[in-house]
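Written out below as structure tokens is the structure these notes cover.
The values are calculated or read from the model by the stated rules, or taken from the named source; none is laboratory data. Given the structure is predicted, the values throughout are model-derived calculations rather than measurements. All Cβ positions, even for glycine, are placed from backbone atoms using ideal geometry, and neighbour counts span all protein chains on display.
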Amino acid sequence: MSLLAAAGLIALLPGCVAKTVTKVAVGQAVSTATAPVRHVYRAIDTTSLVVDKLTTSQSERDQKRGRALRKREERLGKLDRDYQRQSHDCQRGKDKACRERERTYAEIQQLWPTIPG
């Protein structure tokens, strides 16, 4: 059996058997026995990275909830400013401002319960 054919067969064998066959066939140990172990560690590292990306920690959830709350508060502030301006324009007789004020007020009423205290 040629050396090339032996090397090809060694690559197909499990780590400990490949190391034994390599010692017998070639007369020296080759790092083929450590290859499966390295691949297992890479698989574990990859798996932990995927799990880390898929899961969310409590602090990340808190940050996300805080961002969402700030956005709602900012939106409520903008709606309040719009409502004040539209009320002023409505009192001056602008019908379009009166209709917009009603829509703005309805949106404020929807958004208000989502903001704590």
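The residues of region 55-81 that are among the acidic types (Asp, Glu) and either surrounded by 12 or more Cβ atoms within 10 Å (Cβ to Cβ) or farther than 19 Å from TRP112 by Cβ (or both), listed by number, are GLU60, ASP62, GLU73, ASP80.
Conditions (1) modelled with pLDDT under 95; (2) among the small types (Gly, Ala, Ser); (3) outside any helix (DSSP H, G or I), marked per residue:
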site: ILE10; (1), (2), (3): yes, no, no
site: ALA29; (1), (2), (3): yes, yes, yes
site: ARG42; (1), (2), (3): yes, no, no
site: SER59; (1), (2), (3): yes, yes, no
site: ASP62; (1), (2), (3): yes, no, no
site: ARG70; (1), (2), (3): no, no, no
